[in-house]
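A.B. asks: What follows is a structure written as structure tokens; I'll ask about it next.
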Amino acid sequence: MRVLPDVVGGMPRARRLLVAGTAVAVVAALAGCSQFDAALGQRQAVVTFNPGTTVAQRMAVRAACAKTPNVTPQPLPSDMNSPYALQQVIYQINQASNADVALLEKCLAKFPSVAGVTLQDSADEGN
């Protein structure tokens, strides 16, 4: 039976294990940071509607204001027959400039059924 030496290349076994464990931890932390950084840049405009606004009216608002530069509406829900379908319309505005957001707000203001718009970023979520 062959016994492995406690020292290889001048480094004790315990130290090699510590270095390897640290390297694994650093790689895992960096992977987590990149996912966190990707989520940080997320911005949304959340549009709320007055009571009694029909799904057809909400769809008209969604379609008309989706033409604003650098503004993308979230995909439609799979069940449009649900009473909760399009309770809010959410636009992704990650790439939108302040001027683009102002154009979106101007578009939304044309519709009497729109109660308001809230601009939020990923830092606002969960609060």
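A.B. asks: In whole Hz, what ³J(HN,Hα) sequence does the stretch 64-69 give by Karplus (6.51, -1.76, 1.60; θ = phi - 60°), x for Gly and Pro?
C.D. replies: After applying 6.51 cos²θ - 1.76 cosθ + 1.60, I find 5, 7, 6, 7, 5, x Hz.
A.B. asks: Next up: Could you sort V55, V61 by their accessible area in this structure, using a 1.4 Å probe and putting the largest first?
C.D. replies: Reading off the accessible areas and sorting them downward yields V55, V61.
A.B. asks: Tell me which residues come under 5 Å, amide H to amide H, from Q42 once H is placed; ignore anything under 5 positions away on its chain.
C.D. replies: S122
A.B. asks: Please give, to one decimal in nm, the separation of the simple spin-label points placed at A109 and A60, each 7 Å out from Cα toward the Cβ.
C.D. replies: Going by the 7 Å Cα→Cβ label model, 2.0 nm.
A.B. asks: Related question: Could you give the distance between the Cα centres of the stretch 42-81 and the stretch 93-108, to the whole Å?
C.D. replies: What the calculation gives is 14 Å, centre to centre.
The values are calculated or read from the model by the stated rules, or taken from the named source; none is laboratory data. Remember, it's a predicted structure, so these values are computed and weren't measured experimentally. With ideal geometry, Cβ positions are generated from the backbone for all residues, glycine too; neighbour counts draw on all protein chains shown. Ligands, DNA and RNA are excluded from the accessible area calculation, which covers all protein heavy atoms including side chains. Shrake-Rupley method; radii C 1.70, N 1.55, O 1.52, S 1.80 Å.
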